[in-house]
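Here is the structure we will look at.
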Amino acid sequence: MLALFFSKEMRRAVRGILCEAFRRTTSAAATKSVQWREDRHFICTQVEISPTEASSGSEREDGEPSCLSRRIERLPRGVSVGSVFQGWMGEGLPVHRGDVFHAINRLRKRKLHKRALEVMGWVIRERPYRPRELDYSYLLEFTTKLHGVAQGEKLFSCIPAEFRNELLFNNLVIACLDKGLIRLSLEYMKKMRELGHPISHLAFNRLIILHSSPGRRKSVKKILLQMKADKVAPHVSTYNILMKIEANERNVDGLVKVLGDMRRVSVAPNEISYCILAMAHAVARLYSVAESYVEDVEKSMTGDNWSTLDVLIILYGYLGQANQVERTWSAVRKLQNVRAKSYMLMIEATGRICDIARAEELWAEMKSAKGLKLTDQFNSMISVYCRHGMIAKASKLYKEMKASGLNPNSITYRNLALGCLKADMVDEAFKTLDLETGVGTSRRVKMSTPWLETTLGMVEVFAEKGDVGNAEKLFEDLKRGSFTRYTFVYNTLMKAYVRAKIYQPNLLRRMILGGARPDSESYSLMKLVEQFQD
């Protein structure tokens, strides 16, 4: 029992905290997940559970799962986890540490944080084995996730001193950062330095993420310097975050610079690194470079990772490699569960390679297998039709979406406006854009690739018509999303001036000041513009 470790006063405090935690698990809401896929878990997740420690997931003859984690996952809501442990031990099976950790990791993946906290509470209370630092670390993790940092701090202060070491301190720091409590996390990091506990790179990763917005980017350099001062070894995940920040800012040169820094300190890129690099170059229409990074993605893949396969579908769609798109889709189809998101990406990829029939076939398959529950599902097929000016089919899908009770978003209207322009229905395009003004559009959407592709597509149509006024108006929308750092975006605007036969001497200057680097096409277009000088 915990009483073996604590004084009388501390025993009362711990009992109070644990009882309160268990009462609140029935009503506490799950915390918001961190968007950075590679860096979202607490440090205790780095522990590997060997196959001999965790039971297999097979079923017994009576239908009861032979794996403890499966029994916990199947437990109906409202039923105590203690019944599973009692049944397990009633069959003469011991509760091993490996069984518990295996169950916890599975519960975390499924975001069943309440159940995970209940499991760890039972372990600490009933002590099927002597708890160690990692057990208390799990308890601290799920307490802070469900009940906040203040409750986590109380629990931390009551954990036996012998276990309040590097792991628990780092997890408390990360818990503070997950809640956006930067000052409090810095205080705990200072305390760790005083006690001589090393700080994990995961804590610095979260600090960098919290300072990744344009207004706070200057602090990232200071964080990296502090990381170096604390002698924290460079980690690939840190560089991946830095590369993702540059990619989000459309700074391809900065992205490549981070890769160079990474290699100078002998940190090898992984498949996530190459996915970021390939995607950034593909969106920037640097297809030959993107193709070389796609090869690196294929070489560095570890198993059938659905997220990497999704990225490859997008990339091969950009590169126009139909055979590779289908090969990657075959690998996705072999996974246990094909997500609706994968279907959407595949539909869009086949649309990019102009295979409308295949996109329609995938749409029908998705509709049958997954149902149509999301606006983005309709957007995927609408984008294919509108990209090719098939506005009648796109409008039919739009009506079906509305009839299903789903609301169109700004990307829906942008796609439809593009489709109208491609079909030479200019008035209808403007009316559709007017409808978009009634839909709230977040900064994230305005920074997204669908926003770039739909808006640029409209600029291209206006440029072809020599309509400088409307091209400039939509160009401002691209500017707000930092897309004007791409050379091809400025080149499209310059084509509008060439078609309109309007002399504008400041185009190259605007381009350079906007962060784009002129290429040979830029200079050729500028020479054509200069011909219209009076």
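Among the residues of region 93-122, none is identified as without any contact (Cβ under 8 Å) to a residue 24 or more places away in the chain, under 20 Å from F156 (Cβ atoms) and either surrounded by fewer than 22 Cβ atoms within 10 Å (Cβ to Cβ) or within 28 Å of the chain's Cα centre (by Cα) (or both). Among the residues of region 454-483, those identified as in contact with an Asp or Glu (Cβ under 9 Å, 6 or more places away or on another chain) and open to solvent by 10 Å² or more (accessible area, probe 1.4 Å) are V461, S482. Taking the residues in region 180-212 that are in contact (Cβ under 8 Å) with a residue 60 or more places away in the chain and not hydrophobic (A, V, I, L, M, F, W, C) as candidates, determine which candidate is surrounded by the fewest Cβ atoms within 10 Å (Cβ to Cβ). Across region 180-212, the extreme among qualifying residues is S200.
For S330, state whether it is without any contact (Cβ under 8 Å) to a residue 12 or more places away in the chain and surrounded by fewer than 19 Cβ atoms within 10 Å (Cβ to Cβ).
Yes, satisfied.
Can you name every one of the helices (runs of 4 or more DSSP H) wholly within region 391-492 that holds 2 or more residues which are under 23 Å from the mean Cα position of the chain (by Cα)? Show your work before the answer.
Numbers: elements: 391-403, 410-422, 426-436, 443-446, 449-465, 468-480.
Hits in region 391-492: 410-422, 443-446, 449-465, 468-480.
Scanning region 123-135 for residues that are touching a residue at least 24 places away in the same chain (Cβ under 8 Å), closer than 20 Å to L93 by Cα and open to solvent by 20 Å² or more (accessible area, probe 1.4 Å) yields R125, E126, R127, P128, Y129. Of all the listed residues (L186, L134, L210, L117), the sole one being in contact with a Leu (Cβ under 8 Å, 6 or more places away or on another chain), farther than 30 Å from G78 by Cα and modelled with pLDDT of 90 or more is L210. Among the residues of region 298-308, just one is over 21 Å from R339 (Cα atoms) and either open to solvent by less than 40 Å² (accessible area, probe 1.4 Å) or among the hydrophobic types (A, V, I, L, M, F, W, C) (or both), namely S300. Residues that are open to solvent by 80 Å² or more (accessible area, probe 1.4 Å) and over 20 Å from K465 (Cβ atoms) within region 406-440 comprise N407, L435, T437, listed in sequence order. Just one of the listed residues (V220, V173, V149) is in contact with a Lys or Arg (Cβ under 6 Å, 6 or more places away or on another chain), open to solvent by less than 20 Å² (accessible area, probe 1.4 Å) and at negative phi, namely V149.
The values are calculated or read from the model by the stated rules, or taken from the named source; none is laboratory data. Just so it is clear, the model here is predicted, and its values are computed rather than measured. Neighbour counts run over all protein chains shown; Cβ positions are idealised from the backbone, glycine included. Ligands, DNA and RNA are stripped out before the accessible areas are found, and what is left, the full protein with its side chains, is counted by its heavy atoms. Shrake-Rupley method; radii C 1.70, N 1.55, O 1.52, S 1.80 Å.
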